[in-house]
Structures are given as C-alpha cells and as structure tokens.
1. Per the Kirkwood treatment, what hydrodynamic radius in Å, one decimal, follows for the protein assembly as shown from the mean inverse distance over all distinct Cα pairs?
2. Restricting to region A:134-281, compute how many DSSP beta bridges are antiparallel as a %, nearest 5.
3. Multiply the residue separation of A:D269 and A:D227 by 0.36 nm, subtract the distance between their alpha-carbon atoms, and state the gained length in nm to one decimal.
4. Quick one: Cα centre-to-centre distance for region A:237-285 and region A:61-80, in angstrom?
5. Assuming R0 = 30 Å, what is the FRET efficiency of A:E127 and A:T13, from their Cβ-Cβ distance, to the nearest 0.05?
6. Only four residue types carry charge here, +1 at the Cβ of Lys and Arg and -1 at the Cβ of Asp and Glu. Report the dipole size of chain A about the Cα centre in Debye, rounded to the nearest 20.
7. For region B:99-146, state the average projected area of the convex hull of the C-alpha atoms over all orientations, rounded to one decimal in nm².
8. I'm checking a number: the convex hull volume of the Cα atoms of region B:29-298, normalised per residue, in Å³. What is it?
Amino acid sequence: MIRERVPYSPIVTRPHLRWPNDARVAVWVVPNVEHYEYLPSPIGSRDPWPRSPHPDVLGYGTRDYGNRVGLWRMMEVTDRLGIPCTVSLNMANWEHYPEIMAAMVERDWDVLCHGVYNTQYHWGLPEEEERAVIADCVETYRRFTGKQLAGWFSPAATFTHNTPDLVAEAGIRYYCDWYHDDQPTEMTVRSGRLVTVPYQMDVNDAMVWRHPFEGEEFARMVTDHFDTLWEEGAEHGRVVCIALHPYIMGHPHRIRHLERALRHIVERDGVWLATGSQIADWYLAQSPGHGEER
Amino acid sequence: MPSYRAAGMDHDLYPFSALPDRPALRWPGGARVAFAVVLHLEHWELDPPAAAVRDPRFRDPFGDFRPDYRTYTIREYGNRVGIFRVFDALDRHGIRPTVAVNLGACERYPYLIEECRRRGWEFAAHGTHATRMITARLGEQEERALIAGSIAAVEAATGSRPRGWVGQDFGESARTPRLLAEAGLEYVADWPNDDQPYRMTTEPGIVSIPCQAEWDDVQLLWHRRVFTHRYPDLVAEALSVLHAEGAQSGRYFGLGLHPWLFGMPHRIRYLNQALDRIAGFDGLWQATLGEVAGHMRTDGVGGA
C-alpha cells in the first residue's frame, strides 16, 4: 500500500498556477445524479435506510424526487446561466433513466463517475471486487458514449486504500475523494497518472441539509466560499467546486437561492467555468508529472 | 449486478416520469395549484406491543427506554390543548383540511372527531397507532388486517368511509400500495417524490398524492430542527415557485400539520403567518386529498 499519496506542499510556496485566460478561479458545478435502491442488497458496511426494515419510502422517495422533478428545475437554472455542469453520476442511471442521460448529453455535460448505485458502498471491498466494479463503470460509460471515463468520485463517498490505484489502472485521469487542497495535485499511484480535482464535502447541499439550515444559508456559504477563493486567486489560481443534489436544491423553496448564488459567480470576471475533465487536463498538461517533480 | 438494472424504476409501483415530459395537468377552474392541508389526529400508545416499529428518530437520544412518558405526554398535549389553536388557525383562514386519523384516536378522542366532522372536514385512514409503523416486518395477512381495521375504525367513528390513506411516518412495505388499492382506497399520501399527484400501477389503480416531506412540520421543525420562525418564508417561497410553474401545468402544494407540534404556544403564530401568506395567492384550489384524487382519476390528464 502506498502510504504517502500526496507529499506535503504548503500552498504559499508553490509557483503561481495559471488557468486559461489568466482566470483567478476554475469553477466547476457538480450535481450528483444518483439512484438509491428501493431494496438494496445487504452490503455489510452501512445500512442505507436505517429508519425501518426496507423499503423506506421516505428515504427512497426523497432521492427519487431529484430525478423526477428537482433535476429539471436545476437544469433550467444552469441553462439560463450558461453553466457547463459536471455530473457526479451513478452509472446504473444510463440504464434506468435514458431521459436524464439524453438531457445531459444534449447539454454536453461532463461525467464524473460516482460508482454504480449510491446504496452500494465500497468500504471494505476486497481489491478484486473493487476492480470489477470500476471496470463495470468504465465499460458502461464506453458502451453508452464510446468514450473513456475521465473522473472518479466513490459512491456515497465510500472507498478503500486501493481506490486511487485501481481507478488510475482503469485509465481514469482525475479523482475526487480527497479534500486536502484548493488546487489539483498529483497522486502517487501504482501505475499511470492520477490528479486530484478539489470536490467539496463542506460546500455541499447534502451536508448542509442534515442540519437545521436551509437554501438561504447554503447560498451564503457558496458566495462566501467563492469570494475568498476569487480574492486569493490573484496570487494562486484556485478551484471552486459547488456540490449539489437535485433532490435537495431542486425543491421549489430552495431553487431561487441556488440561482442567486450561481449568478453571483457567473457575473464576476476572472472566472473559468470549467468541467472536471477540463481542469484535470489543463493541470496535467502544465505539470511535468509527479516523478519529475521530486 | 442486480437484475433490475434496466430502463425504469427498480420496482413496479410506478413508471419513471420526468416532470417536463408529462402532459399538462389541469385543475378545476383553471387553478394553478391544488392546495391541501393534512391534519394528523393520532394516538400514541404508552405501552406499544414489543414488536411494534416506531420511527427511531423519536427515540430518546440516550436510548430506546420504556415507558416513554416524554413522547406520550407531548402527543397528548397536542390533543388536549394544541389542536384547538390549530383549529382556530384553520377556521380563521377558511381551510378545509383532510384529517388523517388513526384507530387509537377514533377510540380515544370522539370529542375531536366530532369537532372535525361538524366542520365538514374529510377523514383519511392513518393506521392504528402513532407507535406502529407499517414495515416489511408485517406479514401480508397482518398488514391487510391493519389496513382493514384502520379503515373500519374511521368509518365507525365518523360515519363515512375514508377515501384514502396517510401512512404513519410514511411507513410502507413493498406491498402496501397494492393492499390499499385492494381495500378500495383511492389515494396514498406517503411518497415525497413529486410535486404532482400521479397514478401508481396497482390494480385497481391508486393515486399517489405527494407528502412533500421537505416542509412537513415534523420533518422540518422536529427532526431537522429548523426554527419555526423560518416556516412562513419557506412555505411561501415553495408556493411561489409552484404557482409560477402552475401557469404551464398544475402543481400540488400540501402542508402536513401535527397538533402536538404546531399547537405549541411558541409555534402557532408562525402557522397563522404562513396561512396568511398562502391566502395572498390567487389561482389556488383549496381541496381535500379525496377531491385531488378524484380529479386525477377522472379529469387530470397529467401527472403520468
């Protein structure tokens, strides 16, 4: 097992990271488009619906709302603001929801793989099983798009010590389970190259929603987060990630708070509205590679 | 991989339906939004049977101890005191709620049943006790009997047969919609997955009326602990967006109310404020759940 995935590097000592057109920040907006199983097969590490013996209509239906209703309201907002989204996607959705996939393809949204189902957790998976799930995701994406999967964010943020090696081995270029930096960083992996792209588990509507906070507070977090990084971006280029769930911010009492926060971002100058792949590829092209760096 | 990894849902209770792909839903009188209030009239047992399942989120934070005087008496307060504040708020705003009443409440609170009945309010079946969720742990015959008993209790206490079902804590087994339909009910209000009612695939058919749990009082104010003074803004904002969308295709807007919660002195003013704000919207059809379901079964073309 590789213990030192990312050598320590204080951000203040790094050379300036330049974004295209000298933007201060690369902003990527990441709706999580997921499927939570009605009757999940027992998986061991965690019960997705601990409220009652399965099914749990409240838990399941709350997530199902995102795909039936919330996503479409959210798409109206991102369309209106011209935001290219990167979808954190459970890959079984290619099979379950052709209507959603067509709407994403039509908008040329980027895909960040989020496992197969959000109720199948990777904690404790033996290496061969995890490799097989990752291969399934790569195969599914290729079957539906003809393309190689670019990014990985483990389903329900559940992972193993092997995950970075296995996704790099599968040809995936960027990785979103690590929250250690405001810039992409290269990871040490057994083979190939893998770059982390900053995702958010804090500026994330699903984390906020577990607490007594509503759309207004989340919007405030988004604009405060952006403003700080934008100011710092004059010295060190930064990544702004806004992590969303259509089943939360797609509700009617929250959607206009989301629109206001995103409008605050798109109306500022010095902003590169990017996708996860674009950020990763730009960084990989600028950076000599981990081996040479040391 | 599971065999259900194919187009559509991972169950056969309803088909997938993306909101923008549906035919327009038209409400009576060209209303933009059907507005309903579900008032919960429930008995919480002091000593539930050992096998009963209750929503674990109501447990004492330090464990599941019995007897639970705390929850029992808070619920009793709702029916002794709080509910009269809620009655006043509804009367003042001329609202006809649908009263979700369980078997225990039919037996224990005939006074309250009569207060609702004389106002001409509609009743929905709501299980037997607030301490007994329907879950997959029930056998089919037990579940069928629970449903039949709940319906019979409402009919005996109110003089009319309920048209639909509101599940205790949204509790269902995988067979619940079918058993409700077979019991002759027209709607079930357990699913938080839409802003329009829709037909489920049961035989005979049953309409799912959204429970909109995101602003249900217990979910929002009790479990998530959002301050009640936020409630008027939150629900008025939801209605405002649904009302705007309703110009194209009708939307549903429902409030779930519990007397033990909204009937508290520090909360009741915010219910009144919310109802004041709602009264400011035109184009609302203030309906009962039975009326909404009846419309969906006969006239409403949308809602998939």
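FYI, it's all coordinate maths here, none of it is from the lab. Given the structure is predicted, the values throughout are model-derived calculations rather than measurements. Please note: Cβ atoms are built from the backbone with ideal geometry, for glycine as well, and neighbour counts cover all protein chains shown.
1. When all Cα pairs of the protein assembly as shown are included, the Kirkwood radius is 25.5 Å.
2. 40
3. Once the chain is fully extended between A:D269 and A:D227, it gains 13.9 nm.
4. Cα centroid to Cα centroid, the span is 16 Å.
5. According to the calculation, E is roughly 0.25.
6. Rounded to the nearest 20 debye, it is 180 debye.
7. With every direction weighted equally, the projected area is 3.6 nm².
8. Per-residue hull volume (Cα only) is 123 Å³.
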